[in-house]
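Beneath this line is the structure, given in structure tokens, with notes to follow.
FYI, it's all coordinate maths here, none of it is from the lab. None of these values were measured; they are calculated from a predicted model. Every residue, glycine among them, receives a Cβ derived from its backbone with ideal geometry; neighbour counts consider all protein chains shown.
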Amino acid sequence: MYELIKGLPSTHGDDYPLNTTTLIRHAARTSPEQEIAYRTADGGWDRYTYRDAYERIVRSANVLRGLGVAPGDVVGVIDWNSRRFFELYWSIPGIAAVMLQMNLRLGQEDLGFVMRHSNTSWVLVDESLLSVAEGLAAENPDVRWIVMSDRPLSEIETTLPNPLHYEDLLAVANREIDWPMIEESSAYSACYTTGTTGRPKGVYYSHRGIYLHTLTMVAELGMSAHDSVLLLTPMFHGSCWGLPQAAVQARAKVVLPGRYAADNLGPIVDAMIAEGVTVGNGAPAIFGPMLDYIRTLEIRPDLSRARFLSGATEPPLSMMRGYAELTGADIIHAYGATETTPLVTVNRGIKPSLTDRPEEERWDRKRCQGVMVTGVDIRLVDAEDNDLPFDGAAQGELLLRGPWITSSYHSLNEPERFLDGYWRSGDVATIDEYGYVKVVDRIKDVIKSGGEWISSIDMENALTSHPRVREAAIIGVAHPKWQERPLALIVTTDGVEVPLAELHELLAPAFAKWQLPERALFLDSLDRTSVGKLDKKVMRAKFADTYGGA
């Protein structure tokens, strides 16, 4: 840990807390006319303004107070990226309660655990998700429920015990509020991890942490009131990567897509074009199909002002180039986790000192997770926790510390996940002399063959550059001679196998011959976790005997 030294007292108002309420209140006062476009329950679109939203946020906060929600109480939300969820992002923490982001990708058992572990008292649920709530209600009898719908409660069938109706409550609520000044280290929201092993772990974000994270995100993405911000990443997990707060701090136009499916992104792309979106966030699993849809359009949209923040997995180079060539949009690779709020690194553009490098080298550098943002301290350590140099060659685990990085889990003692105040990411990476971070694998996924490491991430992205390879996963499976060997698991666009020799030829420029997979298996789909990441634990178990075992 670090030594804290007290210097000469300042004359600043250091006792004035950093609260999330400040962001929305300021935006409503200075840009009341700014638009918020949102998708309606019937799939159409409507809009209101910051002034309208703030009015509903005030009434929402008064509703919760009137129901007895007190500072420190936990209020859950089960919803899509809707205008009501957007309002609850401000009203719940505005009265010093904690907004529990209930991840719809978790199973019922894990969601029930999250509710009990967090001592949730109230849950607001969208009408379309009543079946999820009803499955949880029986095992959580002390939780009270509020249904969110444009339809009256009399027309809604549900087995929830004594539910209330959000719009009815808002209609009679006080339109004025005296917001409390909340001690800034208080939790504004709670998010639970979605790992493949063990129960979800609670990460409780502070008002101070998200406030500072917001300022950094706005600066890193160059956001302003001239932007139109599309919230693609689920608002029910990871605070939608902090983009709702950043959009409001910048007083930008906000676009809320509601419920959408990855296999039908046409309406979202159409709305993105119509609303002039310039900032968005999502994973390659979303941006890829969106690009496919754009290719079908007779008139290609001009997205030259667009900065799309891409996370979860490394975006394929072919996808980043596709957006640049077809629309002018910039796919910005970034890195983070639930435990990091999540912004840790951003790869926005090439540094001026590197613009004279060959084009291919500049494109390849965009595959990096980017440069660490100001405010986050990063260490790179070996297996014995010794610091490694930032030379672009040394590979070690990333350790992170900072004002929006978690330093513990809620009501859970896991000291092995921390070192001297740093959170252990579990990611193997390199950091070069220019500060660019490149994640090469998860510690649990790295392939060790004949005593040497093989990066599965780099190989997967090389394979997806093949025009007929839709998805690829590289896993390490036991080998009688080499300890482990890489195995390629591939989904093609047409369901037809690609010859192994052709895949080897594709990989040859970037990988040594001994690193190439000896076999490729072609599948209909790849196993994924609840948040859409490749579930290599399941894959390794399925295909453990491919090379004859150890």
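Scaling the Cα radius of gyration of the range 374-442 by the globular reference 2.2 N^0.38 Å produces a ratio of 1.11. With each label modelled as a point 7 angstrom along the Cα→C-beta vector, the D46-L215 pair spans 3.7 nm. Taking other C-beta atoms within 10 angstrom as a stand-in for reagent exposure, Y54, Y38 fall in the order Y54, Y38, fewest first. With q set to 0.11, 0.20 Å⁻¹, the log10 of I(q)/I(0) for the range 352-468, from the Debye formula over equal scatterers at the Cα positions, is -0.44, -1.20.
The H226 and E298 beta-carbon pair, evaluated with R₀ = 30 Å, returns a calculated FRET efficiency of approximately 0.60.
Seen against the Cα atoms of the chain and their longest principal axis, helix 207-221 is set at about 60 degrees. One Cα centroid belongs to the range 111-188, the other to the range 285-347; the line between them spans 34 Å.
Computed from Cα positions, the angle between helix 20-30 and the longest principal axis of the chain comes to roughly 70 degrees.
Centroid-to-centroid, using Cα positions, the range 509-543 and the range 238-273 are 31 Å apart. As a length-normalised measure over Cα pairs under 8 Å and 6 or more apart, the relative contact order of the range 374-442 settles at 32 percent. The length gained by stretching the chain between H12 and L412 to full extension, at 0.36 nm per residue less their Cα-Cα distance, is 140.3 nm. Here the chain is assigned +1 on the Cβ of each Lys and Arg and -1 on the Cβ of each Asp and Glu. Its dipole about the Cα centre then comes out at about 260 debye.
Backbone phi angles across the range 229-242, fed through the Karplus curve with coefficients 6.51, -1.76 and 1.60 (θ = phi - 60°), yield HN-Hα couplings of 10, 9, 8, 8, 4, x, 6, 8, 8, x, 6, 6, 6, x Hz in residue order; Gly and Pro are listed as x.
Amide H contacts under 5 Å for D73: V98, restricted to partners 5 or more places along the chain or on a different chain, H placed in the peptide plane at 1.01 Å from N.
With the highest mean first, a sort of the peptides 409-416, 343-350 on other beta-carbon atoms found within 10 angstrom per residue produces 343-350, 409-416.
For the chain, the longest principal axis of the Cα atoms and the long axis of helix 284-296 meet at an angle of about 90 degrees. Across the chain, the relative contact order, built from alpha-carbon pairs under 8 Å that are at least six residues apart, equals 10 percent.
Ordering S189, H165, A133 by Cα displacement along the dipole of the range 84-227 toward the positive end leaves S189 in first place; charges were set at the Cβ atoms of Lys, Arg (+1) and Asp, Glu (-1). At an R0 of 60 angstrom, the distance between the Cβ atoms of D494 and I5 translates into a FRET efficiency of 0.40. With a point put 7 Å past each Cα toward its Cβ, work out how far S318 is from A393 in nm, to one decimal. Rounded to a tenth, the inter-label distance reads 3.3 nm.
Using the Karplus relation 6.51 cos²θ - 1.76 cosθ + 1.60 with θ = phi - 60°, the per-residue 3J(HN,Hα) values for the range 297-303 come to 6, 5, 10, 6, x, 8, 10 Hz, with x marking Gly and Pro. Under 5 Å between amide hydrogens, built in the peptide plane, is the criterion, and for T49 it picks out I36 among residues at least 5 positions away or on other chains. When the alpha carbon gyration tensor of the range 447-542 is reduced to an equivalent ellipsoid, its three semi-axes come out at 20, 17, 11 angstrom, largest first.
A straight chain from E134 to A285 at 0.36 nm per residue would run longer than the Cα-Cα distance by 51.4 nm. In terms of surrounding Cβ atoms within a 10 Å radius of their Cβ, E134, E275, E176, E397 rank from fewest to most as E176, E134, E275, E397.
Normalising the average separation of contacting C-alpha pairs (under 8 angstrom, six or more residues apart) by the number of residues puts the relative contact order of the range 20-343 at 17 percent.
Taking θ as phi - 60° and the Karplus parameters 6.51, -1.76 and 1.60, the scalar couplings of the range 117-130 work out to 5, 8, 6, 4, 9, 10, 9, 9, 10, 5, 3, 5, 10, 4 Hz in sequence order, x denoting glycine and proline.
The modelled label-to-label distance for the pair W514/D385, using points 7 Å beyond Cα in the direction of Cβ, is 3.3 nm. Both radii come from the Cα set of the chain: Rg as radius of gyration, Rh as Kirkwood radius; their ratio Rg/Rh reads 0.97.
Rounded, prolate or oblate: pick one for the range 123-189, where a ≥ b ≥ c are the square roots of the eigenvalues of its C-alpha gyration tensor, a/c under 1.5 means rounded, and failing that, prolate if a/b is larger than b/c, else oblate. In terms of gyration-tensor shape, oblate. The alpha-carbon of K448 sits under 21 angstrom from the alpha-carbons of these lysines, leaving out residues fewer than 8 places away in its chain: K438, K481, K513, K536, K537, K542.
Ranked for footprinting exposure by Cβ neighbours inside 10 Å, fewest first, S118, S91 give S118, S91.
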